[in-house]
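Below is one structure, written out as structure tokens, with a few remarks after it.
The values are calculated or read from the model by the stated rules, or taken from the named source; none is laboratory data. Fair warning: this is a prediction, and the values are worked out from it, not measured in the lab. Only protein heavy atoms, including side chains, enter the accessible area calculation; ligands, DNA and RNA are left aside. Shrake-Rupley method; radii C 1.70, N 1.55, O 1.52, S 1.80 Å.
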Amino acid sequence: MDFNVKKLASGAGLFFTRAVQFTEEKLGQAEKTELDAHFESLMSRADCTKLWTEKIYRQTEVLLQPNPIDHTGARIEEFLYEKLDRKAPSRITNAELLGQYMQDAAKEFGPGTPYGSTLIEVGEFERRLGAAEREFLQTSAISFLTPLRNFLEGDWRTISKERRLLENLRLDLDACKARLKKAKQAEAKAAMAPDFQETRPRNYVLSASASALWSEEVEKAEHELRVAQTEFDRQAEVTRLLLEGISSTHVNHLRCLHEFVEAQAAYYKQCHFHMQELQKELGRLPNAFALNSTPSMVPAGSATDGDSTPVETDTLKIEEVQAPATGTRKAKVLYDYDAADSSELSLLADEVRFHHQAAVGCWPVISLSISVQNSLTLVIIVFNFITTLFSRLTFALAVYLNIGCKAIFTFALLKMSYVP
């Protein structure tokens, strides 16, 4: 192994110089070369593009594959195939798996039964939906996810590498500027007029030699500064060209976004078409629920030729189910709701409401909706309801008695006024 100690020492010294310059800049003890406003705006735009491209890419993956850590290990499998540079096999979708389970269940329940035949129909359309979903996933991965991933793993890595190199060259340039500044200050101090009253001639020689040494140091620092400035300008131009290429990246991502929207629209259109077809198929089946399992016989008067054949069981359609006219119903409020007008009720989440309807003779139905949050409130509300009901009964009795008294009084007057 070729181990170059001189090169290693030079690299360590350069790293130490950059670290010192960076620390002094953070502490405000050293000057920093500022980039122009246009360059700063380009870097800010590039950082923004990288941030939101990464977020869109990750969320699109979540949209296309909501549960990566499932029993199939979908993302892990794709990662391994990607690292091995091999194509991942086509995997069955959840909708296709559901359709397969439905059709297998229909075979067990019996294809001739209503439930079995319905499972077969729904399972077939679920498999069609799964096939459409698989096609949508493949199209989206090729037309949308791949360009975004190529930008993040290719173009952006190149931009980041060049920006780090530019930052290192800037630190070298600022370190050269600081070194030149210190050398000039030392040269000026050494070039000051010596004190000729000094009794030691040796000091004159030392002062002259120090001035010459600092002059050489200044020349060396100026040369290093020119070299650092040239390298910095060249790297700044390279980085600027890469940052300006973000505009073309936006154009490419815009085209990919249009393709993704078209693929998504086609996918949902296929899903809508399949669901409409499924509804038509289900509409041909009897939309009813069996009330009992005992078959009812046809009445004797309606039988023909003396045959008594069993008919289908009584059925109850969904739309014929109605709430009872009287009785008490209980419901729990899920969300808060503010009444829009006087005909509505304001509700609070997690409260329990009782709705009671009762008919008293020929009087209209009494409807009462109450809210219950604890046992004491329930007792008070029940007591108020009983009181209200009792008062209405009392009023009805009073009205009946009043009508009866009036009738008796009128009959007595008629009888007294009648003279034979």
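Annotations
- Cross-linked pairs Lys32/Lys182; Lys32/Lys181; Lys55/Lys269; Lys26/Lys161; Lys182/Lys220: Cα-Cα separations exceed 20 Å for Lys55/Lys269; Lys26/Lys161.
- Trp52 contributes about 130 Å² of solvent-accessible surface, heavy atoms of the protein only, 1.4 Å probe.
- Probe 1.4 Å - accessible area at His272, Å² to nearest ten: 110
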